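Asks: Mind having a look at this structure? Questions to follow.
The values are calculated or read from the model by the stated rules, or taken from the named source; none is laboratory data. Bear in mind the structure is a predicted one, so any value in this text is a computation, not a measurement. Cβ placement follows ideal geometry from the backbone for every residue including glycine, while neighbour counts extend to all protein chains displayed.
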Amino acid sequence: MTAQAPAPVEERRQPARRPPVPSWLRRLAAANEAWTFGVLALLVAFFTAARPSTFLTRYDITQIATNAAIYLVLGVGMTYVIIVAGIDLSVGSVLVLSAVLSAEYTIHHGGAKSGWGTIAVSTLIALATGLVWGALQGWLVAKAKVPPLIVTLGGFGAALGAAQIITGGQDPAGAVSGRLQRTIGFGKLFGQIPWLVVIAFGATLVFGLILAFTRFGRHTYAIGSNPEAARRVGVDVDAHLIKVYALVGLLSGLGSVMWLAYFGTTSIAGHSTDNLKVITAVVLGGASLFGGRGSVLGTVIGVFIPAVLSTGLIIMGVQQYWQDVAIGVVLVAAVYLDQLRRRGRDHG
Amino acid sequence: MAQPLLEARRLTKRFGHVRALQDADFTAYPGEVVALIGDNGAGKSSLVKTLSGTIRPDAGQILVDGSPVELSGPLDARRHGIETVYQDLALAPDLDAAANLHLGRELYRGGLLGRLGVLDHAAMRRSAVTAFAELGVDLQDVGAPVATLSGGQRQSVAVARAVAFANRIIFMDEPTAALGVLQRGRVLDTVRRVRDRGICVVLISHNMPEVLSVADRVEVLRLGRRVARFTAADTTVEELVGAMTGALDAEEAGGAIEGDGTAGAPDADAPRKDGAA
């Protein structure tokens, strides 16, 4: 729909007469991140109170951050896609395909004992695979006008199928250079922060800043908010959509490199629910599936809610399958609260 | 004054079997408010879309300041100083007023950051505040998403965007259709104020009394072509409605305006007598 409001609009109270609350405070309260962050803080407080000696030790924090790193990278891309009112169901499969193609190169160029040259090339292969696959999906969405749900559902199946054809369905041995695993997978920056976490936060920071402060980010919101308006002011909507889907593909490729480095295997069968986990995180972070709203900061919080929940439940000795139940409830509750808030805002 | 600011000559546009425009003419002079009226389906929107670069005509010519131009998109029209306030406003509801004002025309930070595409939010806010103040628009917070604004305020944002960048001509497609009485008056005041700055305003409207109160001239479209032109001061609602519906003979109405000459350039228009085609 367009920006045109329905007829009864004039009867609304003019929001101009607001109580004298400072504008930064109002914006903070209205920000999606503030609410989601509240949920995260509550969870942390609860688990800390329940198990003061064991929860949130340094080991815990490192572990939570490492487990969340790959989902964070995928989530950053997904944030862009959801803000342009799209969706990408293919992230997990694209990750697998990227991993498999880079593994194939590694296997034929030194395998587990291969050096930095092979690592560099296989990394480039992984990134390029994701980028090209994503751009192709973007092209289908933008130019061929196939709904993103269908394009990426097709992509989800096709990428996984392609990976299985290449490998015969088995995770190949010697898929990763041991050197990559020792440095990036288990290594730590200054012996403190795992490299996976550093990479994830680097990518998050860069693309978070781009989304918040640059023209590319501004146009991302505009297209999700009202694509026709964006087109009329001269934004190349089609090209922008292709770039956004290429970005999420590229980040899936990056995720595959991180996965290989950490787990040392392609895990072909292990990524069928990545898409749902990542979409959950992005929506928990306040992004609207109708487009136009969302932020990378929100996604960061949204990724850490399940991570904290699962660690906390394990420490409390609760069967960890409860995590899925809890996440489901939290997700629906978060979106419901968000709807309430928006109704209040738009009709206040 | 003699030279038309914008002129359309014999524009034709077909959508399948439907002829939206058939040899449609249109003329706008500097510093006037010209109303474009016509019944539903008369081709008003098609004409506006053609002149603002959104659709391309199958045949015909568009002249800006007397020289023919090719408008291959809204950006082309904007480069010629032509802005449009669309009926649906074309705002992004999730972005704030300042962002909407500068959408597609963002301001950048200086130096390296600017070259990386980093926006200057503060400068855009300042320029938005100035633009709204100039129009006398009461907008407390240019940082609030447009979705939180009232209908009248949204309208103001769309108008302010056009006014801030237009230096020749603004098309306003039914700018008062969704508004209450008070906001309607405010938009019409804005129209007058914009005209007084020397910018031509083309007002598309269904509301005849409104047209007569604000417009200097009226051009009437029927069945995809211009059938009559009036000087607003010398005409009545009955005459306008007659020309719109065809009850009034086109030749006669055309003659009425051709005679008075106050609207500008009889010599420029002489070769093309209205309703002749």
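Asks: Suppose we keep only residues that are touching a residue at least 24 places away in the same chain (Cβ under 8 Å) and among the small types (Gly, Ala, Ser) within the stretch A:174-189. Which one would you say is surrounded by the fewest Cβ atoms within 10 Å (Cβ to Cβ)?
Replies: A:Gly178
Asks: Okay, next question. Only one residue in B:Leu51, B:Leu135 is surrounded by fewer than 22 Cβ atoms within 10 Å (Cβ to Cβ) and not charged (D, E, K, R). Which one?
Replies: Being surrounded by fewer than 22 Cβ atoms within 10 Å (Cβ to Cβ) and not charged (D, E, K, R) holds for just one of B:Leu51, B:Leu135, which is B:Leu135.
Asks: Quick one: how many residues across the stretch B:151-171 are part of a helix (DSSP H, G or I) and either over 19 Å from B:Arg125 (Cα atoms) or of a type in the set (S, T, N, Q) (or both)?
Replies: The initial filter retains those residues of the stretch B:151-171 that are part of a helix (DSSP H, G or I), namely B:151-165.
From what's left, either over 19 Å from B:Arg125 (Cα atoms) or of a type in the set (S, T, N, Q) (or both): B:151-153, B:155-156.
Summing the residues that are part of a helix (DSSP H, G or I) and either over 19 Å from B:Arg125 (Cα atoms) or of a type in the set (S, T, N, Q) (or both) in the stretch B:151-171 gives 5.
Here's the yes/no breakdown for (1) within 14 Å of B:Asn40 (Cα to Cα); (2) in contact with a helix residue (DSSP H, G or I) (Cβ under 7 Å, 6 or more places away or on another chain):
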{"position": "B:Cys200", "(1), (2)": "no, no"}
{"position": "B:Asn207", "(1), (2)": "yes, no"}
{"position": "B:Leu212", "(1), (2)": "no, yes"}
{"position": "B:Glu219", "(1), (2)": "no, no"}
{"position": "B:Gly224", "(1), (2)": "yes, no"}
{"position": "B:Ala228", "(1), (2)": "no, yes"}
{"position": "B:Ala233", "(1), (2)": "no, no"}
{"position": "B:Glu238", "(1), (2)": "no, no"}
{"position": "B:Gly242", "(1), (2)": "no, no"}
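Asks: Can I ask one more? So if I check each of A:Leu260, A:Leu309, A:Leu297, A:Leu276, which one is over 29 Å from A:Gln181 (Cβ atoms) and not basic (Lys, Arg)? Give the steps one after another, and end with the answer.
Replies: Values: A:Leu260 fails: over 29 Å from A:Gln181 (Cβ atoms); A:Leu309 fails: over 29 Å from A:Gln181 (Cβ atoms); A:Leu276 fails: over 29 Å from A:Gln181 (Cβ atoms).
None of the others qualify; the one that does is A:Leu297.
Asks: Residues to consider are A:Ile223, A:Ile210, A:Ile242; find the one that is within 11 Å of another protein chain (Cβ to nearest Cβ) and within 29 Å of A:Val121 (Cβ to Cβ).
Replies: Values: A:Ile223 fails: within 29 Å of A:Val121 (Cβ to Cβ); A:Ile242 fails: within 11 Å of another protein chain (Cβ to nearest Cβ).
That would be A:Ile210, the only listed residue that is within 11 Å of another protein chain (Cβ to nearest Cβ) and within 29 Å of A:Val121 (Cβ to Cβ).
Asks: To continue, here is another question. Go through the stretch A:56-81 and count every residue that is free of Cβ contacts under 8 Å to residues at least 60 places away in the same chain and hydrophobic (A, V, I, L, M, F, W, C).
Replies: Quick first cut of the stretch A:56-81, residues free of Cβ contacts under 8 Å to residues at least 60 places away in the same chain only: A:56-59, A:61.
From what's left, hydrophobic (A, V, I, L, M, F, W, C): A:56, A:61.
The total comes to 2.
Asks: Can B:Arg10 be described as in contact with an Asp or Glu (Cβ under 6 Å, 6 or more places away or on another chain), surrounded by fewer than 21 Cβ atoms within 10 Å (Cβ to Cβ) and of a type in the set (Lys, Arg)? Before you say what the answer is, go through the steps one by one.
Replies: Values: in contact with an Asp or Glu (Cβ under 6 Å, 6 or more places away or on another chain): yes; surrounded by fewer than 21 Cβ atoms within 10 Å (Cβ to Cβ): yes; of a type in the set (Lys, Arg): yes.
Yes: the conditions hold for B:Arg10.
Asks: While we're on this one: Can you tell me which residue among B:Ser52, B:Ser72, B:Ser67 is at negative phi and under 13 Å from the mean Cα position of the chain (by Cα)? Break it down stepwise before answering.
Replies: Details: B:Ser72 fails: under 13 Å from the mean Cα position of the chain (by Cα); B:Ser67 fails: under 13 Å from the mean Cα position of the chain (by Cα).
After applying the criteria, what remains is B:Ser52.
Asks: Among (1) within 30 Å of B:Glu7 (Cβ to Cβ); (2) assigned by TED's automatic domain parsing to the domain that holds B:His102; (3) surrounded by 23 or more Cβ atoms within 10 Å (Cβ to Cβ), where does B:Ala128 come up short?
Replies: (1)
Asks: I would also like to ask the following. When only residues in the stretch B:70-90 that are of a type in the set (A, V, I, L, M, F, W, C) and buried (at least 23 other Cβ atoms within 10 Å of the Cβ) count, which is farthest from the other protein chains (Cβ to nearest Cβ)? Walk me through how you get there before you give the answer.
Replies: Quick first cut of the stretch B:70-90, residues of a type in the set (A, V, I, L, M, F, W, C) only: B:71, B:75, B:77, B:82, B:85, B:89-90.
Remaining after also requiring buried (at least 23 other Cβ atoms within 10 Å of the Cβ): B:77, B:82, B:85, B:89-90.
On the way: B:Ala77: 10, B:Ile82: 13, B:Val85: 11, B:Leu89: 5, B:Ala90: 4 Å.
Top of the filtered list is B:Ile82.
Asks: Looking only at residues in the stretch B:100-127 that are basic (Lys, Arg) and facing chain A (nearest Cβ under 10 Å), which one is nearest to B:Phe165 (Cα to Cα)?
Replies: Step one: list which residues in the stretch B:100-127 are basic (Lys, Arg), which gives B:105, B:109, B:115, B:125-126.
Those left that are additionally facing chain A (nearest Cβ under 10 Å): B:105, B:109.
Details: B:Arg105: 9, B:Arg109: 20 Å.
Across the stretch B:100-127, the extreme among qualifying residues is B:Arg105.
Asks: For the stretch B:96-117, which residues satisfy the criterion of being at negative phi and surrounded by fewer than 22 Cβ atoms within 10 Å (Cβ to Cβ)? Give the steps one after another, and end with the answer.
Replies: As a first pass, look at the stretch B:96-117 and keep what is at negative phi: B:96-103, B:105-110, B:112-116.
Hits for the stretch B:96-117 are B:Arg105, B:Glu106, B:Leu107, B:Tyr108, B:Arg109, B:Gly110, B:Leu112, B:Leu113, B:Gly114, B:Arg115, B:Leu116.
Asks: Go through the residues of the stretch A:243-261 one by one and say whether even a single one is outside any helix (DSSP H, G or I) and small (Gly, Ala, Ser). Spell out how you get there, then give the answer.
Replies: Residues of the stretch A:243-261 outside any helix (DSSP H, G or I): none.
Within the stretch A:243-261 (the criterion being outside any helix (DSSP H, G or I) and small (Gly, Ala, Ser)), the answer is no, since none of the residues qualifies.
Asks: Which numbered condition in (1) within 15 Å of B:Ala164 (Cα to Cα); (2) facing another protein chain (nearest Cβ under 10 Å); (3) buried (at least 20 other Cβ atoms within 10 Å of the Cβ); (4) touching a residue at least 40 places away in the same chain (Cβ under 8 Å) is the only one that B:Pro93 fails?
Replies: (1)
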